[in-house]
1. Which whole number in µm²/s is D for region 19-121 by Stokes-Einstein, with the Kirkwood Rh taken over Cα pairs at 20 °C and 1.002 mPa s?
2. What's the center-to-center distance, using Cα atoms, between region 230-300 and region 378-414 in Å?
3. Working out 0.36 nm times the residue gap between Glu37 and His147, then minus their Cα-Cα distance, what length gain in nm do you get to one decimal?
4. Just need the relative contact order of region 126-246 here, percent rounded to a whole number, with Cα pairs under 8 Å and 6+ apart.
5. Which part of region 195-220 falls in the paramagnetic zone of Glu239, meaning amide N under 15 Å from the point 7 Å along Cα-to-beta-carbon?
6. Principal axes first, then extents: for the Cα atoms of region 307-463, list largest minus smallest coordinate on each axis, whole Å, largest first.
7. Can you give me the span-like helices of the chain, meaning DSSP H runs with 27 Å or more of Cα extent along the axis and Kyte-Doolittle mean at or above 1.0?
8. When the solvent-accessible surface of protein heavy atoms is calculated with a 1.4 angstrom probe, in what order do Arg54, Arg448 fall, highest first?
Amino acid sequence: MYRKPKIGLLGLITEGYEDVFPGILERQRMHGREIAEILSPDIDIIFDDIGTNRAKIEEIVSSYNHMQLDGILIVLLAYSHGAWLTRAMQDNRLPVAVAVLQPDDIADESFEELDLTINQGIHGAQDNCNILMRLGIAFQVYAGSRHSEDFSAFALDFAKSAQTYAELKAMRVGVVGRMQGMGDILIDEMALLQKLGVEICHDGLGAVCSHMQTLESAEIHAEIQEDFKRFEVDSKLAEESHRIAVTEYLGFKRYLETNSYDAFTAHFDMFGQDGRFRQLPLYAASRLMADGYGYAAEGDINCAAMVRAGHILSGRPANFTEMYMMDEKSQSILFCHAGEGNYASAAEGRSPRLIDRYLGEGGLENPPTILFQPTPGRATLVSLVSLGSSFRLVVAKGEILDKEDMRRCEMPYLFFKPDSGVRRCVEDWLKLGGTHHEVICLGDVAQRWKILCEMAGIEYKEV
């Protein structure tokens, strides 16, 4: 889930310079390798050769498209003809970014023609970006020093967004039921497949039950024992109740693995109606989010896909959640749900608790529930809104507060203080159609979501 993104570096310089300045190609190849080395701690960079003419550029771009890469970073190593990029980009399927990174950050008084030539990347970038614009290709741009933290941040934001886009195009979501009458989760499933590549697969609970029935008791017992290491386990939690919760988790996990699903959503009313389940699978949903799967309740396909996307894009555990109420005292919004939460996002040094918990909804037995305090600090809230055949991403930046004083609340919860203020955030969220299920990512990753939207042709709105 947290692999490095893989990006191909396309270094461009016209071959004609070699006749005037022998050795310039090798010199600029070393410049490209230095750039790749700078980015290597966070990104796997592929860079072997320079695009020196149309044929070479098309060859490199074609090879990158046949590798399992997430995107292409174009670096102008000097001037390169923009027209030579045209056919390569028409056949390209990978997201693109352009960087102007001069070998020298200062125009020294000793500069000669060679120095001016190798530092004229702006010249080539203007030509090449003009072509990208005229082709209608979305692309990101950076101009500055390769030694700047801003460049490393730009490259990582682009790479993680491209990686997420690639994952979305191959994503499969398992769907077990949908709440009737819940309007904001209704979507055009073909539009989601066409726009983002997300495949939606409808199943019944039998697909999960069949896997639960094949589990070995030793496997279930081993998970129970590991839980005493993962969590502070409530002494009131009965062993039988714990066993049922683990059985549901392992059954769902095998269901996801067998079908190569990256995310799932289930409507909890179905579990009581089915007759084969004794608990709602709140524990299972929490465990599976911590394993890296996407999840949302009540048949919300969009949100389930975005939770999975949030894991990849942020490089940290994302969380399914829901707005509950405005808190005037802390000027924040309380987020909570029935009992599902990604405990992998828990604050360091604060062990999650596994409790015996009464829940009236569903009419089933007490569902063991994992309680935790999310990591306080910067966070990004996201909602993917269906607009018929298109989509809008509504985003709010803010802070998760270091606040866990609701001692009688037996559900994972958090207080989010939006940068724009509670009232404006809620009002704008409603005006833009933001849904009642959301994804919250640790850290300020709004720029990555914005880049992803540009890649996918989705409207982006911050509140």
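1. On the way: Rh = 14.8 Å.
After rounding, the answer is 145 µm²/s.
2. Each part's Cα centre sits 22 Å from the other's.
3. On the way: separation 110, 0.36 × 110 = 39.60 nm, distance 1.12 nm.
Separation in residues times 0.36 nm, less the Cα-Cα distance, equals 38.5 nm.
4. Working: 57 pairs, mean separation 22.0, N = 121.
Across region 126-246, relative contact order equals 18 percent.
5. The answer is 217-220, whose backbone nitrogens lie closer than 15 Å to the label point.
6. Projected onto the principal axes, the Cα atoms of region 307-463 cover 45, 33, 29 Å.
7. Working: long enough: 149-169 (30 Å, -0.19); 239-258 (28 Å, -0.72).
Both cut-offs are met by no helix.
8. Numbers: Arg54 125, Arg448 30 Å².
So, going from the largest accessible area down, we get Arg54, Arg448.
The values are calculated or read from the model by the stated rules, or taken from the named source; none is laboratory data. What you are looking at is a predicted structure, and each value in this text was computed from that prediction instead of being measured. Note that each Cβ is placed from the backbone with ideal geometry, even for glycine, and that neighbours are counted across all protein chains shown. Areas reflect the complete protein model, heavy atoms only, side chains present, ligands, DNA and RNA absent. Shrake-Rupley method; radii C 1.70, N 1.55, O 1.52, S 1.80 Å.
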